[in-house]
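Notes follow once the structure below has been shown.
The values are calculated or read from the model by the stated rules, or taken from the named source; none is laboratory data. Being a predicted model, the structure only gives us computed values, none of them experimental. All Cβ positions, even for glycine, are placed from backbone atoms using ideal geometry, and neighbour counts span all protein chains on display. In case anyone asks, the SASA skips ligands and DNA or RNA and just uses the protein heavy atoms, side chains included. Shrake-Rupley method; radii C 1.70, N 1.55, O 1.52, S 1.80 Å.
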Amino acid sequence: MAAKTAKKRLTTEAHDGKRIEIIQHCATLFDKVGFHNTSMQMLAEEVGLSKPTLYHYFPSKLSILYAIHDTHIGALLDGLKREAGADPVASLRSACVDILGQIATHPGYVRAFMDNYGDLEGEMREAIRARRRDYFDSVKAIIVEGIESGRFRAVDPVITTYGFFGMCNWAYKWYPPMAATRSPEEVADALCLPFFDGLKAG
(Lines give C-alpha, C1' and ligand atoms only; values in the text may rest on other atoms or scores of the structure.)
Protein backbone atom coordinates (compact mmCIF):
# COMPACT_ATOMS: atom_id res chain seq x y z
CA MET A 1 0.00 0.00 0.00
CA ALA A 2 2.80 2.40 0.91
CA ALA A 3 4.59 1.58 -2.35
CA LYS A 4 1.45 2.36 -4.36
CA THR A 5 1.00 5.66 -2.54
CA ALA A 6 4.63 6.62 -3.19
CA LYS A 7 4.32 5.69 -6.87
CA LYS A 8 1.13 7.74 -7.21
CA ARG A 9 2.82 10.71 -5.56
CA LEU A 10 5.82 10.47 -7.89
CA THR A 11 3.52 10.17 -10.89
CA THR A 12 1.54 13.24 -9.79
CA GLU A 13 4.73 15.20 -9.16
CA ALA A 14 6.05 14.27 -12.60
CA HIS A 15 2.75 15.30 -14.20
CA ASP A 16 2.71 18.62 -12.33
CA GLY A 17 6.36 19.21 -13.21
CA LYS A 18 5.61 18.64 -16.88
CA ARG A 19 2.68 21.05 -16.74
CA ILE A 20 4.97 23.72 -15.29
CA GLU A 21 7.51 23.09 -18.05
CA ILE A 22 4.76 23.35 -20.67
CA ILE A 23 3.38 26.65 -19.44
CA GLN A 24 6.89 28.10 -19.23
CA HIS A 25 7.51 27.27 -22.90
CA CYS A 26 4.04 28.42 -23.94
CA ALA A 27 4.41 31.72 -22.08
CA THR A 28 7.64 32.30 -23.99
CA LEU A 29 5.86 31.70 -27.30
CA PHE A 30 2.92 33.93 -26.31
CA ASP A 31 5.46 36.64 -25.48
CA LYS A 32 7.17 36.26 -28.87
CA VAL A 33 4.22 36.09 -31.25
CA GLY A 34 1.13 36.90 -29.17
CA PHE A 35 -1.61 34.72 -27.73
CA HIS A 36 -3.93 35.16 -30.71
CA ASN A 37 -1.22 34.24 -33.22
CA THR A 38 -0.45 30.85 -31.69
CA SER A 39 -2.12 27.49 -32.24
CA MET A 40 -1.99 24.27 -30.25
CA GLN A 41 0.24 22.84 -32.98
CA MET A 42 2.70 25.73 -32.57
CA LEU A 43 2.60 25.33 -28.79
CA ALA A 44 3.21 21.59 -29.06
CA GLU A 45 6.24 22.22 -31.30
CA GLU A 46 7.55 24.85 -28.87
CA VAL A 47 7.34 22.35 -26.00
CA GLY A 48 8.65 19.43 -28.06
CA LEU A 49 5.52 17.31 -27.73
CA SER A 50 3.01 15.88 -30.15
CA LYS A 51 -0.29 17.72 -30.22
CA PRO A 52 -2.21 14.75 -28.72
CA THR A 53 0.31 14.63 -25.84
CA LEU A 54 -0.11 18.34 -25.23
CA TYR A 55 -3.89 17.81 -25.07
CA HIS A 56 -3.23 15.23 -22.36
CA TYR A 57 -1.90 18.01 -20.14
CA PHE A 58 -4.08 20.91 -21.30
CA PRO A 59 -7.40 20.61 -23.15
CA SER A 60 -7.07 23.97 -24.91
CA LYS A 61 -4.93 27.04 -25.50
CA LEU A 62 -7.26 28.90 -23.15
CA SER A 63 -6.53 26.46 -20.33
CA ILE A 64 -2.81 27.14 -20.79
CA LEU A 65 -3.47 30.87 -20.60
CA TYR A 66 -5.45 30.31 -17.40
CA ALA A 67 -2.60 28.26 -15.90
CA ILE A 68 -0.17 31.08 -16.66
CA HIS A 69 -2.46 33.61 -14.96
CA ASP A 70 -3.01 31.35 -11.97
CA THR A 71 0.71 30.67 -11.53
CA HIS A 72 1.63 34.35 -11.76
CA ILE A 73 -0.99 35.70 -9.36
CA GLY A 74 -0.31 32.81 -6.98
CA ALA A 75 3.35 33.78 -6.77
CA LEU A 76 2.44 37.41 -6.08
CA LEU A 77 -0.07 36.49 -3.38
CA ASP A 78 2.47 34.19 -1.72
CA GLY A 79 4.94 37.06 -1.66
CA LEU A 80 2.50 39.26 0.25
CA LYS A 81 2.37 36.98 3.28
CA ARG A 82 3.69 39.04 6.18
CA GLU A 83 3.79 39.11 9.94
CA ALA A 84 1.31 41.27 11.83
CA GLY A 85 2.73 44.72 12.49
CA ALA A 86 5.29 44.50 9.70
CA ASP A 87 6.61 47.85 8.43
CA PRO A 88 4.21 48.97 5.66
CA VAL A 89 7.02 50.66 3.72
CA ALA A 90 9.07 47.45 3.73
CA SER A 91 5.97 45.44 2.76
CA LEU A 92 5.20 47.67 -0.23
CA ARG A 93 8.82 47.62 -1.33
CA SER A 94 8.79 43.82 -1.11
CA ALA A 95 5.62 43.70 -3.22
CA CYS A 96 7.30 45.88 -5.86
CA VAL A 97 10.40 43.66 -5.82
CA ASP A 98 8.17 40.60 -6.34
CA ILE A 99 6.44 42.18 -9.34
CA LEU A 100 9.76 43.20 -10.89
CA GLY A 101 11.21 39.79 -10.12
CA GLN A 102 8.37 38.16 -12.04
CA ILE A 103 8.95 40.54 -14.94
CA ALA A 104 12.66 39.71 -14.95
CA THR A 105 12.33 35.93 -14.70
CA HIS A 106 8.94 35.25 -16.34
CA PRO A 107 8.25 38.08 -18.80
CA GLY A 108 5.90 35.88 -20.82
CA TYR A 109 3.74 35.17 -17.75
CA VAL A 110 3.49 38.87 -16.97
CA ARG A 111 2.71 39.93 -20.55
CA ALA A 112 -0.05 37.31 -20.78
CA PHE A 113 -1.38 38.46 -17.40
CA MET A 114 -1.44 42.10 -18.48
CA ASP A 115 -2.46 41.77 -22.12
CA ASN A 116 -4.68 38.69 -22.25
CA TYR A 117 -6.78 38.74 -19.10
CA GLY A 118 -9.76 39.74 -21.26
CA ASP A 119 -9.36 36.55 -23.30
CA LEU A 120 -10.19 34.34 -20.32
CA GLU A 121 -13.78 33.13 -20.27
CA GLY A 122 -16.40 31.93 -17.83
CA GLU A 123 -15.24 30.30 -14.61
CA MET A 124 -11.59 30.78 -15.53
CA ARG A 125 -12.03 34.53 -15.78
CA GLU A 126 -14.07 34.68 -12.57
CA ALA A 127 -11.42 32.71 -10.67
CA ILE A 128 -8.60 34.99 -11.80
CA ARG A 129 -10.73 38.09 -11.19
CA ALA A 130 -11.25 36.94 -7.58
CA ARG A 131 -7.52 36.37 -7.06
CA ARG A 132 -6.65 39.72 -8.61
CA ARG A 133 -9.17 41.34 -6.26
CA ASP A 134 -7.59 39.55 -3.30
CA TYR A 135 -4.19 40.85 -4.33
CA PHE A 136 -5.45 44.41 -4.76
CA ASP A 137 -7.20 44.28 -1.38
CA SER A 138 -4.08 42.92 0.32
CA VAL A 139 -1.93 45.77 -0.96
CA LYS A 140 -4.64 48.29 -0.10
CA ALA A 141 -4.69 46.88 3.44
CA ILE A 142 -0.97 47.61 3.77
CA ILE A 143 -1.59 51.23 2.74
CA VAL A 144 -4.53 51.54 5.15
CA GLU A 145 -2.36 50.11 7.92
CA GLY A 146 0.31 52.70 7.12
CA ILE A 147 -2.27 55.51 7.35
CA GLU A 148 -3.74 54.24 10.62
CA SER A 149 -0.32 53.80 12.19
CA GLY A 150 0.69 57.35 11.29
CA ARG A 151 3.47 56.25 8.92
CA PHE A 152 1.54 57.50 5.88
CA ARG A 153 -0.42 60.69 5.57
CA ALA A 154 -4.16 60.57 4.95
CA VAL A 155 -4.61 59.58 1.32
CA ASP A 156 -7.32 57.80 -0.64
CA PRO A 157 -6.22 54.16 -0.19
CA VAL A 158 -7.99 52.88 -3.29
CA ILE A 159 -6.51 55.46 -5.68
CA THR A 160 -3.11 55.13 -3.98
CA THR A 161 -3.22 51.36 -4.50
CA TYR A 162 -4.04 51.85 -8.18
CA GLY A 163 -1.14 54.28 -8.37
CA PHE A 164 1.21 51.76 -6.79
CA PHE A 165 0.21 49.04 -9.23
CA GLY A 166 0.41 51.41 -12.18
CA MET A 167 3.95 52.29 -11.19
CA CYS A 168 5.08 48.69 -10.67
CA ASN A 169 3.12 46.81 -13.33
CA TRP A 170 3.91 49.17 -16.21
CA ALA A 171 7.53 48.08 -15.83
CA TYR A 172 6.68 45.02 -17.92
CA LYS A 173 6.87 47.36 -20.91
CA TRP A 174 10.39 48.65 -20.23
CA TYR A 175 12.16 46.57 -17.60
CA PRO A 176 12.90 43.25 -19.43
CA PRO A 177 15.74 44.68 -21.60
CA MET A 178 17.56 46.01 -18.54
CA ALA A 179 16.81 43.09 -16.19
CA ALA A 180 20.23 41.54 -16.82
CA THR A 181 22.00 44.63 -15.48
CA ARG A 182 19.52 46.19 -13.03
CA SER A 183 18.22 43.94 -10.23
CA PRO A 184 14.56 43.98 -9.11
CA GLU A 185 15.71 45.38 -5.76
CA GLU A 186 17.65 48.23 -7.39
CA VAL A 187 14.78 49.18 -9.70
CA ALA A 188 12.21 48.84 -6.90
CA ASP A 189 14.15 51.35 -4.82
CA ALA A 190 14.34 53.78 -7.73
CA LEU A 191 10.61 53.48 -8.33
CA CYS A 192 9.43 53.45 -4.74
CA LEU A 193 11.52 56.22 -3.19
CA PRO A 194 9.52 59.10 -4.73
CA PHE A 195 6.29 57.19 -4.05
CA PHE A 196 7.17 56.68 -0.38
CA ASP A 197 8.28 60.31 -0.04
CA GLY A 198 4.83 61.34 -1.23
CA LEU A 199 3.14 59.04 1.30
CA LYS A 200 5.29 60.04 4.26
CA ALA A 201 3.33 61.66 7.07
CA GLY A 202 4.42 65.10 8.19
For Cα extents along the principal axes in Å, the choices are (1) 47, 33, 32; (2) 63, 46, 36; (3) 54, 34, 31; which was calculated from the structure? (2)
Consider just the alpha-carbon atoms of the range 94-149 and return their Rg together with their Dmax, both in angstrom. 13.8, 41
Taking 7 Å along the Cα-to-C-beta vector as the label spot, tell me the Ala127-His36 distance in nanometres, rounded to one decimal. 2.5
So how tilted is helix 61-79 from the main axis of the chain? Cα-based, degrees 0 to 90, rounded to 10. 40
Helix 2-33: angle to the longest alpha-carbon principal axis of the chain, degrees 0 to 90, nearest 10? 70
The range 48-107: trypsin sites (Lys or Arg not before Pro) in DSSP loop, at most 13 other beta carbons within 10 Å: Lys81
Find the accessible area per residue for the chain; the probe is 1.4 Å, ligands and nucleic acids are left out, and the unit is Å². 54
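With charges set only on the Cβ (+1 for Lys and Arg, -1 for Asp and Glu), what does the dipole of the chain come to about its Cα centre, in debye to the nearest 20? Mind showing how you got there, number by number?
Details: 24 positive and 25 negative charges, 96 e Å.
The calculation lands at about 460 debye.
Between Ala75 and Ala141, what length comes free when the chain is fully extended (0.36 nm per residue of separation minus the Cα-Cα distance, one decimal in nm)?
Values: separation 66, 0.36 × 66 = 23.76 nm, distance 1.85 nm.
Length gained between Ala75 and Ala141: 21.9 nm.
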Sum -39500 (n - 2.57) across every DSSP H segment of at least 4 residues in the chain, then divide by the residue count to get the 222 nm mean residue ellipticity, nearest 500. -24500 deg cm²/dmol
Report the accessible area of Phe195, computed with a 1.4 Å probe over the heavy atoms of all protein chains in place, in Å² rounded to the nearest 10. 40
Using Cα pairs under 8 angstrom and six or more residues apart, how large is the relative contact order of the chain, in percent? 23
When only DSSP loop residues count, what trypsin sites (Lys or Arg not before Pro) in the range 128-179 have their Cβ near at most 12 other Cβ atoms within 10 Å? Arg153
Rounding to the nearest 10 and keeping the result within 0 to 90°, find how far the Cα-based axis of helix 157-169 lies from the longest principal axis of the chain. 50
Could you work out how far apart the two model spin labels at Ala190 and Arg151 are, taking each label as a point 7 Å from the Cα in the direction of the beta carbon, and quote it in nm? 2.5
